[in-house]
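Have a look at the structure below before the remarks.
The values are calculated or read from the model by the stated rules, or taken from the named source; none is laboratory data. Fair warning: this is a prediction, and the values are worked out from it, not measured in the lab. Neighbour counts are summed over all protein chains in view; Cβ atoms, including those assigned to glycine, are modelled from backbone coordinates with ideal geometry. The area values use the complete protein model at the heavy-atom level, side chains included, leaving out ligands, DNA and RNA. Shrake-Rupley method; radii C 1.70, N 1.55, O 1.52, S 1.80 Å.
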Amino acid sequence: NEKLKIENAELKEKNVNMENIIAKEDFLKNEYNLYLKNKESLLSANVIALDSNSLLIRFNINKGSKDGVKVGDIIVQGTVGEDENTYIKAVVGKVIEVGYNWSKVSSLVDSSSNVSFNVVRTQSYGGQENNLLSGFMYKSDADIIVGDKLVTSGRGGIFPSDLYIGEVTEVKSSENNLEKKISVKSPVDFTTLFRVFVIRGNGDGNE
C-alpha cells in the first residue's frame with residue numbers, strides 16, 4: 001500500500017507538471033520565436049516578487065543594474081502578429097526602480113502607466129484611462145470599432161511606438177458625448193506572469 005501511495009503521488013505530480021507545460025505551450029512558443037528575431041535587443045527576466053494582489057500591477061524581476069537594466073526600460077512579452085508566422089512585442093510595462101540584481105516594474109494595468117495609443121486601422125489617437133485596460137479617444141467622432149488593434153503611439157516619450165497593447169472589446173460614448181470610452185483585451189495575462197523580456201536601451205539612465 002505504501003508503495004502504491006508513493007507511485008500515485010509521483011503520477012499526480014507528473015500530471016500536474018504536464019498540465020503546467022501544456023498550459024504554457026503557446027506562451028513558450030511565442031516567447032521563443034520573438035527572441036529568435038530580436039536576440040540583440042531583448043533580455044529575458046523572471047518575475048520574482050509581486051505586490052499583494054492577484055493582478056500584477058507592480059512586480060519585481062531578477063535583472064538589475066549589473067545586467068544593464070535602467071529606469072524607463074520597457075517590459076514586453078511575445079505574441080502572435082496579424083500575419084502568419086509573425087511574432088510581435090506585447091507591452092507589459094516599464095521599469096520604475098533598479099537595484100543591483102533586481103528591478104521593479106509598473107505594469108500596463110497600473111493607473112500610473114498613462115500609455116497613449118494609436119488604432120492600427122485608422123491611426124486614431126487615444127489614451128489609457130485606468131488600471132482595467134480601458135481608455136478613451138480624444139475625438140468623439142473617432143473611427144474605432146470592436147476588434148480594432150491598438151499599439152503604443154510613442155507620444156510623451158514613455159513607451160516607444162508600435163508595441164502591441166491589445167484588441168478593442170467595447171466602444172461606447174461618454175456621458176457628455178465628448179469622447180468615446182473603450183475597453184481593451186491585452187494578450188498578456190497579468191495574473192500569471194512568470195517570465196518577461198526587457199527591451200535593452202530604452203531607459204533614461206536614472207537610478
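Points worth noting:
- Residue match in the stretch 128-139 (condition: of a type in the set (D, E, K, R), part of a strand (DSSP E or B) and open to solvent by 10 Å² or more (accessible area, probe 1.4 Å)): yes
- Top-ranked residue in the stretch 161-179 [being modelled with pLDDT of 75 or more, over 23 Å from residue 81 (Cα atoms) and charged (D, E, K, R); ranked as least open to solvent (accessible area, probe 1.4 Å)]: 179
- Any hit, the stretch 58-70, residues being assigned to a loop (DSSP other than H, G, I, E, B), touching a residue at least 24 places away in the same chain (Cβ under 8 Å) and open to solvent by less than 20 Å² (accessible area, probe 1.4 Å): yes
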